[in-house]
Amino acid sequence: MEETIVIKGGNRLEGEIHLQGSKNSSLPVLAATVLVDGVSVIHNCPDLTDVTAAVKILEHLGCKVTREGDTLTVDSRFVTGNSIPDSLMREMRSSIVFLGSVLGRTGQARLSSPGGCEIGLRPIDLHISSLKAMGVVIDESRGYVSCTKDKVRRDTVISLSFPSVGATENIILAGALGRGRTVILNAAREPEIRDLADFLNSCGCRVELTNQGTVIIDAVEKAHGTRHRIIPDRIVALTYLSAVAVSGGDVLITNTDTDDYRTVLPFFQRAGCEIADSKKQIRIKMNRRPRALDDIRTMPYPGFPTDAQAALMAVACFAKGTSVIVENIFEGRFKHVGELVRMGAKIKLEGRVALIDGVETLYGTRVECPDLRAGAALVVAGLAARGVTTVCSLKHIDRGYENIEACLKRVGADIERVQNAESKMQN
Ligand code: UD1
């Protein structure tokens, strides 16, 4: 029986939300534990299907993993494998980040190619060309990427043509152990990269980040066990801020780090939200219909995050006036548009540009999550829509949101996860 989230829109949100740890940080940090000849204790690790997929890969490679609350303990003293089968790779596209760590630890890696996903093609050409520049011999055939690391490492300077998050992580992981210095120019500067570097440095590795997007990795012989706390999830924080922006209310989000999404806060303020933040927590008050958002253009960090684009579009749907959103990072990232239009939103799409004419009312209906962040945006829209919204295909939302319905219910939303939405839909 399919699970759905059923929302009766219209409630103001009031209270406190304790934010989960970051998915996009947990995955590379868990991959990085493969490099460790010891035990890594990872706190603030959210319970998500993507994290479960990463744990399955770790276990397949010979690591022993246990969870107690939000703490994962990974014993990677005995890494016995260097190949990840297609079935495990397909559970999570970002498992490509294991390429660098398996290669770094064992000198070899064989992974199935990630292929496409819900938000676009997601090529790995930058990962591959960077590893080749580091002296890795790569064979790509029959859907697999097979890599062998050069034992006599030379120093390498890699200049990325685009600051890819995944490629930056893979280079750091592949260069952390062994010999030589790797320098990445035009590296991604996302907070999750900083978290990965912090984890590795606490294991005895030497990864230096500069504010200008240069990363310097000096390989060390060995990485030892450590204790690390995953950073809070900035995208989930922005999703809950969007929820209050459309529903109205007064909510305090704790366990956050507002420095990681400071450039996005003015969009909420200009929409009419009152924001008070003290870095580790943020309070949002909203008592009016949102004003149209300024032009949003998604960019690499510290620009507007593509992962928050869908949730802010849900806000724009209710706003007074016209908002413009330009998606510059992923070509397939407007799949929520069709579902929002089914709810009564007025959106025009031209290539990478969306024009949103705000309306006073959206109407609840049955909607499908096309991907993770689009799914969260539909939940946001449902909170303020008239009537009942039934959100289907929750497998996407569960990849990145820990108990989204419980968090929103706690602050007053009429929301529940049900096995069969029929009875509530007839109300
Ligand atoms: C990560 C995040 C994802 C976020 C994205 C951009 C994780 C697990 N996922 O994804 O949530 O939306 O960063 O902030 O952290 N590209 C290439 N060739 C490559 C690699 C990337 O052309 O080899 C392109 C992609 O197609 C895309 C753009 O670069 O258009 C950004 O991709 P990238 O920064 O690599 O995103 P991910 O690491 O996949």
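The values are calculated or read from the model by the stated rules, or taken from the named source; none is laboratory data. Owing to the predicted nature of the structure, the values given are computational and were not obtained by experimental measurement. Quick reminder, even Gly has a Cβ in these numbers, built from the backbone with ideal geometry, and neighbours come from all protein chains shown. For accessibility, only protein heavy atoms count, side chains too; no ligands or nucleic acids. Shrake-Rupley method; radii C 1.70, N 1.55, O 1.52, S 1.80 Å.
The table for this structure:
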quantity	calculated
Residue check for Asp50: of a type in the set (D, E, K, R), open to solvent by less than 30 Å² (accessible area, probe 1.4 Å) and within 27 Å of Val236 (Cβ to Cβ)	yes
Residues of region 376-398 satisfying the condition of being open to solvent by 50 Å² or more (accessible area, probe 1.4 Å) and either within 11 Å of Val6 (Cβ to Cβ) or at pLDDT 95 or above (or both)	Arg386
Considering residues of region 14-55 that are assigned to a strand (DSSP E or B) and of a type in the set (A, V, I, L, M, F, W, C) only, the residue farthest from the ligand (Cβ to nearest atom)	Val39
Residue among Lys64, Lys56, Lys8, Lys23 that alone is basic (Lys, Arg) and under 15 Å from the mean Cα position of the chain (by Cα)	Lys23
Residue list for region 56-89, filter: open to solvent by 30 Å² or more (accessible area, probe 1.4 Å) and in a helix (DSSP H, G or I)	Lys56, Glu59, His60, Asp86, Ser87
Residue pairs meeting the criteria (Cβ under 7 Å; at least 6 apart or on separate chains; first among the polar types (S, T, N, Q), in region 264-286; second outside any strand (DSSP E or B) and surrounded by 13 or more Cβ atoms within 10 Å (Cβ to Cβ))	Gln281/Thr256
Qualifying residue in region 300-321 (condition: open to solvent by 10 Å² or more (accessible area, probe 1.4 Å), closer than 23 Å to Ile415 by Cα and part of a loop (DSSP other than H, G, I, E, B))	no
The lone exception for Met92 - which of (1) within 13 Å of the ligand (Cβ to nearest atom); (2) at pLDDT 95 or above it fails	(2)
Leu200 surrounded by 22 or more Cβ atoms within 10 Å (Cβ to Cβ), under 24 Å from Ser22 (Cβ atoms) and outside the structural domain of Gln269 (by TED's automatic domain parsing)	yes
Filtered residue count, region 180-197, keeping only those that are within 16 Å of the ligand (Cβ to nearest atom), part of a strand (DSSP E or B) and open to solvent by less than 30 Å² (accessible area, probe 1.4 Å)	1
The lone exception for Ala276 - which of (1) in contact with a helix residue (DSSP H, G or I) (Cβ under 7 Å, 6 or more places away or on another chain); (2) among the small types (Gly, Ala, Ser); (3) within 30 Å of Glu360 (Cα to Cα) it fails	(1)
Any pair with Cβ under 8 angstrom, 6 or more apart, that starts in region 155-172 at a residue that is over 12 Å from Ile217 (Cβ atoms) and ends at one that is basic (Lys, Arg) and within 12 Å of the ligand (Cβ to nearest atom)	Pro163/Arg189
Subset of region 147-179 (residues that are part of a loop (DSSP other than H, G, I, E, B) and open to solvent by less than 90 Å² (accessible area, probe 1.4 Å))	Lys149, Asp150, Arg153, Leu160, Phe162, Pro163, Ser164, Ala176, Gly178
